[in-house]
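Just so it is clear, none of the values below were taken in a lab; they were calculated from the coordinates. Since we're looking at a predicted model, the values are computed, not measured. Quick reminder, even Gly has a Cβ in these numbers, built from the backbone with ideal geometry, and neighbours come from all protein chains shown.
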There are 4 protein chains.
Amino acid sequence: MNGNSIGKALVLTCFGESHGPCVGAVIDGCPAGLPLSVEDVQTELNKRKPGLTGISTPRKEEDQVEILSGVFNGHTAGAPICLIVRNKDVESEVYEQIKNKPRPGHADYVAYLKYGGFGDFRGGGRFSGRVTATYTMAGAIAKKLLRFIGIGVLAHTVQIGKVKIPKNVTYNQIRENVYGNSVRCAVPESAVLMEKEILKAAEEGDSLGGVVEGVALNIPAGLGEPIFDSLDSDIAKMLFNIPAVKGVEFGAGFQVASLKGSENNDKYIIRKGKVVSQTNNAGGILGGISTGMPIVLRVAFKPTSSIAKRQKTVDLTKMEETEIELAGRHDPCVVPRAVPVVESCLAFVLADHAIRTGKIPHVLETKK
Amino acid sequence: MNGNSIGKALVLTCFGESHGPCVGAVIDGCPAGLPLSVEDVQTELNKRKPGLTGISTPRKEEDQVEILSGVFNGHTAGAPICLIVRNKDVESEVYEQIKNKPRPGHADYVAYLKYGGFGDFRGGGRFSGRVTATYTMAGAIAKKLLRFIGIGVLAHTVQIGKVKIPKNVTYNQIRENVYGNSVRCAVPESAVLMEKEILKAAEEGDSLGGVVEGVALNIPAGLGEPIFDSLDSDIAKMLFNIPAVKGVEFGAGFQVASLKGSENNDKYIIRKGKVVSQTNNAGGILGGISTGMPIVLRVAFKPTSSIAKRQKTVDLTKMEETEIELAGRHDPCVVPRAVPVVESCLAFVLADHAIRTGKIPHVLETKK
Amino acid sequence: MNGNSIGKALVLTCFGESHGPCVGAVIDGCPAGLPLSVEDVQTELNKRKPGLTGISTPRKEEDQVEILSGVFNGHTAGAPICLIVRNKDVESEVYEQIKNKPRPGHADYVAYLKYGGFGDFRGGGRFSGRVTATYTMAGAIAKKLLRFIGIGVLAHTVQIGKVKIPKNVTYNQIRENVYGNSVRCAVPESAVLMEKEILKAAEEGDSLGGVVEGVALNIPAGLGEPIFDSLDSDIAKMLFNIPAVKGVEFGAGFQVASLKGSENNDKYIIRKGKVVSQTNNAGGILGGISTGMPIVLRVAFKPTSSIAKRQKTVDLTKMEETEIELAGRHDPCVVPRAVPVVESCLAFVLADHAIRTGKIPHVLETKK
Amino acid sequence: MNGNSIGKALVLTCFGESHGPCVGAVIDGCPAGLPLSVEDVQTELNKRKPGLTGISTPRKEEDQVEILSGVFNGHTAGAPICLIVRNKDVESEVYEQIKNKPRPGHADYVAYLKYGGFGDFRGGGRFSGRVTATYTMAGAIAKKLLRFIGIGVLAHTVQIGKVKIPKNVTYNQIRENVYGNSVRCAVPESAVLMEKEILKAAEEGDSLGGVVEGVALNIPAGLGEPIFDSLDSDIAKMLFNIPAVKGVEFGAGFQVASLKGSENNDKYIIRKGKVVSQTNNAGGILGGISTGMPIVLRVAFKPTSSIAKRQKTVDLTKMEETEIELAGRHDPCVVPRAVPVVESCLAFVLADHAIRTGKIPHVLETKK
């Protein structure tokens, strides 16, 4: 039943259910001496807040972070940091019907089997997207650690439903535009089309999926511990723990299958006295180790499982086929809110490996 | 530097370099009482043997497995099982040139940086595809464990270069055809086209990538330990540790991004008194837990990095741009040999989780 | 910096500082379906409460447990359980002097070095005996799990200062007497002497150590995973994480050094159709595996480091020798309060191994 | 069934049975660039070789180490190092009788239960003291790593049977004398008495236990990761995995129970501009962290379970009481051969923590 911790040098332990008292994270292994305030974490949490834009769930959560341990005099103390967010605006009644009628596309049915009916089913319980608030809190700390060694992490929406961005956005475009529109897209014109697409699906009582790209810049070469703690495998593992993710690819990704070696190989050249590669089909990782080129990955999100449309399901007590119509409050598309979560997950794994390889020291500065 | 173990209940520790004395695996956590012979492992190893078909590397390895521990009187003893394969047909001389001239697409350069020049570079050393022989040995044991509870694991080539199989192969087609042709394809007509494609690339001194599909049948519901040891995240982590993998997707995979919720949700129905789903876009996993439907996943392989064509690179001692032409013996396409490796990796993770959840007992039968 | 989790099937992650907002525990891997209430945990916590008896610290903590996650409808849900206890009666001012003058026998100085001066030093921070409240909370759950399979765990004081109990107490004596006196001793007459000893030391501004014996009854044979997760090594590891522990021994312990093999070997006999041993010098563990005989161990506690007497120390800012006189509120002897902690630690490791070997199932009963 | 790996930064995975093909160790996480030869390991292995002195088992093992991976051009390569020692002089026939008649004091009976009769019982199989050859091989590497940062590790026999050394040996005495006599004792006069004691016990067909002291010098302050990976708890865990160990204590150990705080506290003073403590009752560890003072610990070993005397046991097939007389070849006292094993175990844990805290870098020197 265990399995709620991840990371080797920086370890995230996550707890809490959607409609329980809170969701929380214990971050163990954070170096001492990192300046850390409630605001630092709150800023990141706010990026995934529900109820912001009219295209996401009307559930209003303040999502106010509380630091329970590990921070002393405004700095991390070298002790485990526990952060929680209380659950406030919960409507548990509407979930009574799913107790015996599993929602298609959700984990209700398998959770029922696995936990013998004892699992907290309200709002999806432990399987709610709400757990990603804890990834974001951990990500807030990870990002501050990475900035200490100059690494920047970005993410942006590259596809929602059938709308894709036109190719080639620069890192600056991402930085400048991504939080300027409701769909977290680096191309403002595409953002408009994506919003429309979501609103249309919402009107139909339906939902949309999409693709988020994650990028990490200024990465030192050498992160990743092959064979089995290779950087890509650890990043992929973390990303597949975001609910709704069905695919992860690095660099040229699935396209690589139809390239020839002579096309796909990133040739080495020298620029400004440094070895770099002409292209980056590898997405910044070779042999499970960061090359120093930007890490580039894409994550496929399925459309929100909760839809307003009537759907077939079964009644588990009567063991007969029936239908279900969901009245709860849901995002017609989780992709925009997933953007900061992808950022956080990528940052967390990079910080874990940066500590593990000694690129981030155990004490960030000696106190006077 | 550590990171060469994977799994929680069934743990694989892997060692050995391409041109060292051997490659080996320690499998810890295998229940006692499983009948296990050298032949059981050898059969699986033979599936990925090089030099079989004219379309793979001319390197001739006997790949004869040796059991060093953990097996007593023809059964597993409840102790760690160490299996090794000696390296015999090694031509290390041709690798002298890569010492200072990293091969594009390979891990040479990052390994050089990470291990301070101490790494064994011969044949890619620790980064050689040869390490997957150890995954296959572990997979041989995992498959036998899974058969004990009726689980079957299959894999097959669905794409090589630009040749894809036409849709919809049955599990029987995979079972019957996949090891009947050199490219491990379930569709004989596609196999012919794929072979041609590889031979053509080989003639050009070039290489091809492709996609392998993995399938697991008769899976009990309930495998996987969310949040962080979810079944898909653990399978993905294992698969990304196969050299050359650049993408992993489950069920509808990246296509899911352009589906609507009403299209993508797998509706529950009752068939023969059991709850099943009408479709399997989830690929057999919801909320990180197996649903009981077949697990279906696809893995993207990049074209072999080693090609005969002259390529740009840098001389690390002189820090100047140069070129490299590789004389070594390489597969023009690793995909066919990756098929048993994908099978093994999938089997390994399933066996780990089946033990972890108690579906496979700690002692398989009581000895008289 | 990480290292705040322990256990493999049942995992305890611990956070919080003595004078921070709270101390807390995340218990991951607890089977679903265990009835669990605030009272269950509170009862155990109360056993180690400070301020009970006049022989312990006057610090008054309500030590009221709060369940933040993992319990639903009065049962464990199969999700991680977070339990916290708020810190209320803190007097942090008196700790200002130790900031630069490390207290002899405490971790102040090494913590200062290790965490670069960023560690929370108030009340010993992370090194306070207060963290054992989290062991006790985890122990409360572990004990309930063990009772499910009939295992009972006891502990009692066998020595305080120079007062030892006369030999041979029965398990019933422990059960009946241990919480009936302030020193948690199974022999009432010894308890009186021990109390006197403590009061005398307290009057002198000094402190005492002692020895606690832990016992586990009705243990199934087969717990423990050699070589490295042997039952004794895992129990010892857990016990050495209780502050002030300097020695751990099993069965005949250090006495074994002067016994002959013929004296020490526990001979097998048959009683009521079962194989048992005539003696239990092994303390219930052979080859790292439980034999089915009672597990018996002893833990040596050093005298409380905080004493009222003036002591030599150094001023770290001036790098000169000085003296320190501690005004804080401390137990003159931690041994009595350590009794429930030893119980909890022993219970935790046994529950971890009982789950790991499948003796405790993943779901405790199927819900109707 | 798993549990054959230990360590977090430096990980030892151990395999092999007493009468199988070999015993072996995989050491994962060793920094690249450490000069390492077969001789380096052989030297350490030779210290625990059987058959040396007339007071140990007549079993003659060459114990010739073979390096299977991880070493390249005379240096560690940053890859896992696999070392094996073949088993040569095995007499398995004599073990037929113990198949159904468990030897008192051995793990035979619990192993039989745990592994359902499938375990390799010959020579104790996985429970043989022979597995400590793998600890010694790992220790050889650990000691070389520690020497890189100036740490020295020693061990010596302080008690055999009822013979104890007179107090106060210096580190130089240990260094000079310990391998100069057959019982690994730093006091030559005591060594003579101890030898006699062993020979007497051997003549009687009996066996003796004893106590080994381990010491580590020139330790940097700051090793250890509290709460749960504290240095003492990790060392204790490792030591309890040596067969026959029944107790572990640090510094003043069990004596601490009868000391007062004012006697036990190690006062800080300044010597040569450095903070040190006047005494070392803590044994070099406070709060689970190394203080910089020498680490001092003692380990209690029980008398060898295998004795020539006839002993009571049971016949498991007939479920009746019977007797057993052991004809195998055994050490009448394992303590002398345990000395290098204690050294190795202590060194291994220190090296693990030294890497983990960054005191030993990931690459030991940059290759030209």
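The alpha carbon convex hull volume per residue for segment D:202-292 rounds to 141 Å³. Rounded to the nearest 500, the helix-only mean residue ellipticity at 222 nm of chain C stands at -8000 deg cm²/dmol, with each DSSP H run of n ≥ 4 adding -39,500 (n - 2.57). Could you state the angle between the C-alpha long axis of helix C:132-148 and the longest principal axis of the C-alpha atoms of chain C, as a value from 0 to 90 degrees rounded to the nearest 10? Its long axis makes an angle of about 10 degrees. Under 19 Å of direct C-alpha separation, and excluding same-chain neighbours fewer than eight residues apart, C:LYS196 reaches these aspartates and glutamates: C:GLU204, C:ASP206, C:ASP331.
In units of the rule-of-thumb radius 2.2 N^0.38 Å, segment B:81-125 shows an alpha carbon radius of gyration of 1.33. Across the identical copies, the label point of A:ASN46 (7 Å from Cα in the Cβ direction) is separated from its matches by 4.6, 6.6, 7.0 nm, in order from shortest. Working from label points 7 Å from Cα in the Cα-to-Cβ sense, the D:ALA327 to B:LYS200 distance is 7.4 nm.
Ranking C:THR322, D:THR357, C:THR313 by Cβ neighbours within 10 Å, fewest first, what do you get? With the sparsest Cβ surroundings first, the list reads C:THR322, D:THR357, C:THR313. For segment D:336-368 versus segment D:120-168, the spacing of their alpha-carbon centroids is 14 Å.
Gyration tensor over the Cα atoms of the protein assembly as shown: the corresponding equivalent ellipsoid has semi-axes (square roots of 5 times the eigenvalues, largest first) of 49, 38, 32 Å. Against the main long axis of the alpha-carbon atoms of chain D, helix D:335-356 sits at an angle near 40°. Per residue of D:78-88, other chain Cβ atoms within 10 Å of the residue Cβ number 6 on average. Placing unit charges on the Cβ atoms only, positive for Lys and Arg and negative for Asp and Glu, gives the protein assembly as shown a dipole magnitude near 0 debye about its Cα centre. Placing a label point 7 Å from the Cα of B:LYS309 along the Cα-to-Cβ direction, the distances to the matching points in the other copies come to 4.5, 8.1, 8.3 nm, shortest first. Seen against the Cα atoms of chain A and their longest principal axis, helix A:188-203 is set at about 20 degrees.
Please work out whether segment D:71-180 counts as rounded, prolate or oblate from its C-alpha gyration tensor, where a ≥ b ≥ c are the square roots of the eigenvalues and a/c under 1.5 means rounded, while otherwise a/b larger than b/c means prolate and anything else oblate? The shape class here is oblate.
The order of the peptides C:8-14, A:131-137 by mean Cβ neighbours within 10 Å, most packed first, is A:131-137, C:8-14. By the equivalent-ellipsoid construction on the alpha carbon gyration tensor, chain B comes out with semi-axes of 34, 26, 19 Å, ordered largest to smallest.
Of the GluC sites (Glu not before Pro) found in segment B:277-357, the ones in coil according to DSSP and having at most 16 other Cβ atoms within 10 Å of their Cβ are B:GLU325. Given R0 = 35 Å, the distance between the Cβ atoms of A:VAL192 and B:GLN255 translates into a calculated FRET efficiency of 0.90. The ranking of A:SER207, A:SER258 by Cβ neighbour count inside 10 Å, starting from the fewest, reads A:SER258, A:SER207.
In this structure, the pairs whose alpha-carbon distance is over 20 Å, taken from A:LYS144/B:LYS8; B:LYS200/B:LYS302; A:LYS164/B:LYS260; D:LYS164/D:LYS200, are A:LYS144/B:LYS8. Label positions at A:GLU320 and B:TYR171, each projected 7 Å from the Cα along the C-beta direction, are separated by 3.1 nm. Separation of segment D:192-239 from segment B:230-264 is 51 Å, based on Cα centroids. Shape of segment B:116-188 from the C-alpha gyration tensor: oblate (a/c of 1.5 or more and a/b not above b/c, with a ≥ b ≥ c the square roots of its eigenvalues).
Across peptide B:8-14, the average count of Cβ atoms from other chains found within 10 Å of a residue's Cβ is 6. Computed over neighbours whose Cβ is under 14 Å from that of D:GLY125, the net charge equals +2, Lys and Arg +1, Asp and Glu -1.
Full extension of the chain segment joining B:ARG310 with B:VAL38 gains 93.7 nm, where the gain is 0.36 nm per residue of separation less the Cα-Cα distance. Distance between the modelled labels on A:LYS162 and D:TYR179, one decimal in nanometres: 7.8 nm (7 Å Cα→Cβ projection).
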